[in-house]
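Worksheet: the structure to be examined is printed underneath.
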Amino acid sequence: MSILVTGGAGYIGSHTVIELIEAGYDVLIADNFYNSSPKVIDRLQQITGKSVQFCLCDVCDEKQVDNLFSRHKDIDCVIHFAAYKAVGESVEKPLEYYSNNIGGAMCILRAMKKHGVKNFVFSSSATVYGQPEKIPCDESCPAGSATNPYGWTKVMQEQILRDICAADKEMNVAILRYFNPIGAHPSGLIGEDPNGIPNNLLPYVAQAAIGKFDSVRVFGDDYPTADGTGVRDYIHVVDLAKGHVAAVRKLYTNCGIVTYNLGTGKGYSVFQVIEAFEKACGKKLKRSILPRRAGDIAENYADPSKAKAELGWQAQYDINDMCRDAWNWQSKNPNGYKE
Ligand code: WQD
């Protein structure tokens with residue numbers, strides 16, 4: 001029995017592949033390296049000491065996906081990471097985002113139906129809560145709004161999965177709502193490698209620390225939070241990866257459709273993150289206070305107690321561990337996977 005990991009060469013996918021292999025699962029990665037690098041596969045082999053099965057595949061290509069399932073009859077679960085994820089870009093290119101994110105998932109789900117595969121893990125996001133009804137935000141908070149096409153693709157796919165599960169009682173689906181994944185594998189061999197100027201806070205801070213930017217942009221210091229900057233629930237990518245292993249175990253109990261927040265339950269402000277990173281890298285970082293970024297909310301952090309109760313999963317790493325590992329990755333790979 002094996003687990004197909006689409007987008008397994010990407011940031012969260014690659015960390016999840018390690019945790020799956022270490023938990024004893026057979027893994028097959030499908031990726032087209034749209035936003036990742038073939039080097040990841042070598043590094044995964046280096047970290048795990050095992051040969052990692054890989055298939056070059058575009059999840060939007062029906063024929064390629066069908067071939068993959070035909071050739072690998074042992075697949076009995078899919079973890080679907082392969083998707084576009086840049087909020088700003090999704091506003092510029094909505095058609096590309098809906099086609100790729102929803103189209104890719106549909107293609108995989110159709111192939112699963114044809115080949116009788118019944119277990120699916122979906123990468124969703126805290127973004128589906130929009131401005132959360134309450135904080136900490138639990139899974140019962142209304143989750144049907146978004147402020148950008150990327151977020152809407154997550155909202156829509158969650159609904160599609162609920163409809164599929166209502167029609168097919170043999171399907172098991174875990175919807176995982178990620179908060180803010182950061183950090184890197186402690187080996188420093190894999191980590192986040194965004195294209196161009198990073199949109200997210202942590203990769204921006206990390207690149208400022210290696211000298212690519214002369215200051216850290218702070219989007220707003222006038223929010224109604226303790227220090228005026230935005231507060232988020234940052235979660236170590238290795239903890240997030242372990243959450244996927246726990247979700248796979250849950251699927252194998254024939255649980256039907258389940259939804260979990262994956263976060264730590266703790267919120268940190270932009271200033272607190274910068275301070276933790278300064279401690280990790282041993283230097284002071286200049287800050288430029290800019291206006292608020294459109295679409296941002298003041299604060300959001302998870303109530304992760306459902307995942308703890310039902311999956312037996314809980315984040316282990318704290319913000320200092322996250323910054324230490326992000327710095328270890330960034331300083332060892334100043335240009336990410338590029339030469
Ligand atoms: C965090 C905080 C910013 C950059 C987004 C998506 C979400 C998920 C993760 C996926 C906020 C502030 C940021 C910077 C800053 N998607 N900030 N300077 O906005 O919580 O979530 O990424 O892949 O769906 O919406 O994360 O890291 O962009 O921002 O001050 O240069 O840092 O205003 O308060 P966000 P983020």
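The values are calculated or read from the model by the stated rules, or taken from the named source; none is laboratory data. None of these values were measured; they are calculated from a predicted model. Methodologically, a virtual Cβ is constructed for each residue, glycine included, from the backbone with ideal geometry; neighbour enumeration extends over all protein chains shown. Side chains are part of the model used for accessible areas, which takes the heavy atoms of the whole protein and leaves out ligands, DNA and RNA. Shrake-Rupley method; radii C 1.70, N 1.55, O 1.52, S 1.80 Å.
For segment 59-70, the condition holds for no residue, the condition being that it is open to solvent by 10 Å² or more (accessible area, probe 1.4 Å), of a type in the set (Asp, Glu) and within 21 Å of the chain's Cα centre (by Cα). For segment 33-51, the set of residues classified as surrounded by fewer than 22 Cβ atoms within 10 Å (Cβ to Cβ) and within 25 Å of Met1 (Cβ to Cβ) consists of Ile41, Gln45, Ile47, Thr48, Gly49, Lys50, Ser51, listed by residue number.
Of all the residues that make up segment 250-280, how many are of a type in the set (Lys, Arg) and closer than 18 Å to Phe179 by Cβ?
So the count comes out to 1.
Contact map, segment 212-238: first residue within 22 Å of Pro132 (Cα to Cα) and among the acidic types (Asp, Glu), second residue modelled with pLDDT of 95 or more and part of a strand (DSSP E or B), Cβ cut-off under 7 Å, separation 6 or more or different chains; pairs are Asp221/Ile289; Asp227/Ser269; Asp233/Asn180; Asp233/Ala302. Evaluation of Ile3 against the conditions (1) touching a Ser or Thr at 6+ places or on another chain (Cβ under 8 Å); (2) surrounded by 24 or more Cβ atoms within 10 Å (Cβ to Cβ) shows that the sole unmet condition is (1). Taking the criterion of being within 19 Å of the chain's Cα centre (by Cα), part of a strand (DSSP E or B) and within 15 Å of the ligand (Cβ to nearest atom), the residues of segment 219-268 that qualify are Val231, Arg232, Tyr234, Ile235, His236, Asn261, Leu262, Tyr268.
For segment 152-187, the set of residues classified as within 16 Å of the ligand (Cβ to nearest atom) and outside any strand (DSSP E or B) consists of Trp152, Thr153, Lys154, Val155, Met156, Gln157, Glu158, Phe179, Gly183, Ala184, listed by residue number. For segment 18-52, a residue qualifies if it is free of Cβ contacts under 8 Å to residues at least 40 places away in the same chain and outside any loop (DSSP other than H, G, I, E, B), and the qualifying residues are Ile21, Glu22, Val27, Ile29, Ile41, Asp42, Gln45, Thr48.
When Lys85 is tested against (1) touching a residue at least 60 places away in the same chain (Cβ under 8 Å); (2) more than 19 Å from Asn180 (Cα to Cα); (3) not β-branched (Val, Ile, Thr), just one condition goes unmet, and that condition is (2). Within segment 292-310, residues that are open to solvent by 90 Å² or more (accessible area, probe 1.4 Å) reach partners that are part of a strand (DSSP E or B) and within 16 Å of the ligand (Cβ to nearest atom) with beta carbons closer than 6 Å, at six or more positions or on different chains, in the pairs Arg292/Phe219; Arg293/Phe219.
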